[in-house]
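**Q** Got a structure for you, questions after.
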Amino acid sequence: MEDKDISPQLERIIQHIKSTYGAEPEYLWKNTPNNAVFRHGINKKWYAAVIKLPKSKLGLSGDECVYILDVKCDSLMIGSLLLEKGFFPAYHMNKNSWITILLDESVSDDEIFSLIGSSYSSVMPKLKNKSNK
């Protein structure tokens, strides 16, 4: 990430994604150079997105900018996660299959890493059954 104000938690998350999944952040938008996506290496589907936005976009007070991480999430888990501190309805993603995590240390790295792993698995190419009939 090019931002000088990047949070230590975001740095750890990016390093985890690079070392675990071999993915580099992709900066797709010129007008938001700090926003990035991570794609599966085979099918190029997104499994995580990093977005910098004003806190007010999450319904929080203040206009200072924060980083969030959007990950794909099982729809049954979303409801319970939204009851926990640091989780929000997906920002700019399908709210039935994505969730937003505020990267302010309110959610542990281990929990975020687990959710990234689930998101990554959810976009993996499906193996085709080659049974002989």
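**Q** Among His40, His92, which is surrounded by fewer than 16 Cβ atoms within 10 Å (Cβ to Cβ) and under 25 Å from Pro125 (Cα atoms)?
**A** Numbers: His40 fails: surrounded by fewer than 16 Cβ atoms within 10 Å (Cβ to Cβ).
When all the criteria are applied, what remains is His92.
**Q** Of all residues in region 84-126, how many are of a type outside the set (S, T, N, Q), more than 17 Å from Asn35 (Cβ to Cβ) and in a loop (DSSP other than H, G, I, E, B)?
**A** Selection size over region 84-126: 11.
**Q** Quick check, is Thr20 within 23 Å of Pro89 (Cα to Cα), out of contact with any helix residue (DSSP H, G or I) (no Cβ under 7 Å at 6 or more places or on another chain) and open to solvent by 40 Å² or more (accessible area, probe 1.4 Å)?
**A** no
**Q** Report the residue count in region 57-78 for those that are exposed (fewer than 12 other Cβ atoms within 10 Å of the Cβ) and of a type in the set (S, T, N, Q).
**A** Filtering region 57-78 down to residues exposed (fewer than 12 other Cβ atoms within 10 Å of the Cβ) leaves 59, 61-64, 76.
In the following step, the residues that additionally are of a type in the set (S, T, N, Q) were identified as 61.
Of the residues in that region, 1 qualify.
**Q** If you scan region 38-82, which residues turn out to be β-branched (Val, Ile, Thr) and either assigned to a strand (DSSP E or B) or within 24 Å of Glu24 (Cα to Cα) (or both)? Can you show your working first?
**A** Going residue by residue through region 38-82, those that are β-branched (Val, Ile, Thr) are 42, 50-51, 66, 68, 71, 78.
Across region 38-82, the qualifying residues are Ile42, Val50, Ile51, Val66, Ile68, Val71.
**Q** Which one of the conditions (1) surrounded by fewer than 17 Cβ atoms within 10 Å (Cβ to Cβ); (2) modelled with pLDDT of 95 or more; (3) under 17 Å from Ser121 (Cα atoms) does Glu105 fail to meet, given that it meets all the rest?
**A** (3)
**Q** Now a separate question. What pairs come up if the first residue lies in region 28-54 and is in contact (Cβ under 8 Å) with a residue 60 or more places away in the chain, the second is of a type in the set (Asp, Glu), and their beta carbons are under 8 Å apart, counting only those six or more places apart or on different chains?
**A** From residues that are in contact (Cβ under 8 Å) with a residue 60 or more places away in the chain, the pairs are Ala48/Asp70.
**Q** Still on this structure, I have one more. Which residues, counting only those in region 43-56, are under 13 Å from the mean Cα position of the chain (by Cα) and surrounded by fewer than 19 Cβ atoms within 10 Å (Cβ to Cβ)? Break it down into steps so the answer makes sense when it comes.
**A** To start, the set of residues in region 43-56 that are under 13 Å from the mean Cα position of the chain (by Cα) comprises 45-52.
Hits for region 43-56 are Lys45, Trp46.
**Q** Oh, and also: Which condition does Asn35 not pass, out of (1) exposed (fewer than 12 other Cβ atoms within 10 Å of the Cβ); (2) within 15 Å of the chain's Cα centre (by Cα); (3) polar (S, T, N, Q), if it passes all the others?
**A** (1)
**Q** Between a first residue in region 58-81 that is on the phi > 0 side of the Ramachandran plot and a second residue that is in a helix (DSSP H, G or I) and surrounded by fewer than 22 Cβ atoms within 10 Å (Cβ to Cβ), which pairs have beta carbons less than 6 Å apart while being 6 or more apart in sequence or on different chains?
**A** Matching pairs, first to second residue: Gly62/Lys55.
The values are calculated or read from the model by the stated rules, or taken from the named source; none is laboratory data. Keep in mind that this is a model prediction, so the values were computed, not measured. No Cβ is skipped: glycine too gets one built from the backbone with ideal geometry, and neighbour counts run over all protein chains shown. For the accessible areas, the whole protein counts, side chains as well, though only heavy atoms, and no ligand, DNA or RNA atoms are used. Shrake-Rupley method; radii C 1.70, N 1.55, O 1.52, S 1.80 Å.
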